[in-house]
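Single-structure report; data block below.
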């Protein structure tokens, strides 16, 4: 007979998802086990993004054509490569942490859209930022535009 908490939560019956051989001493997997495994699997994509980003945060990856934030400005010099990759990977780690928070607290159908939206928004901000950063404040009242070498007072 199911207990009161099982009746209230709707878990009064445990239905086997996959039958395994009882002769081998293995237990059958129940729906709650399957749900727990599915919930754990939702943490894998953000964890992989963090693992790929950590070497870039610490500047361990030299300039190359296949691993890192590959934009034209990053290939200008070694210093710009490390600075752009550090900023980009820190932003991606932040987006992955948002995804992990969604995996922990959001309903399961919303986790993947929230995570993908966080990554896409982060990448969009990273693409727009160099355009905005082209104008650098030099002193009060003076602006220098790097692209046009134009000085305004």
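Label reach from residue 47 (point 7 Å along Cα→C-beta): in region 61-97, amide nitrogens under 19 Å belong to 93-97.
Packing, taken as the mean count of other beta carbons within 10 Å per residue, orders the peptides 111-117, 81-87, 60-66, 39-45 from highest to lowest as 81-87, 111-117, 39-45, 60-66. Note on residue 70 and residue 121: their simple-model spin labels are 2.8 nm apart, each label 7 Å out from Cα toward Cβ.
FYI, it's all coordinate maths here, none of it is from the lab. The structure presented is a predicted model; accordingly, all values stated were derived computationally and were not measured. Every residue, glycine among them, receives a Cβ derived from its backbone with ideal geometry; neighbour counts consider all protein chains shown.
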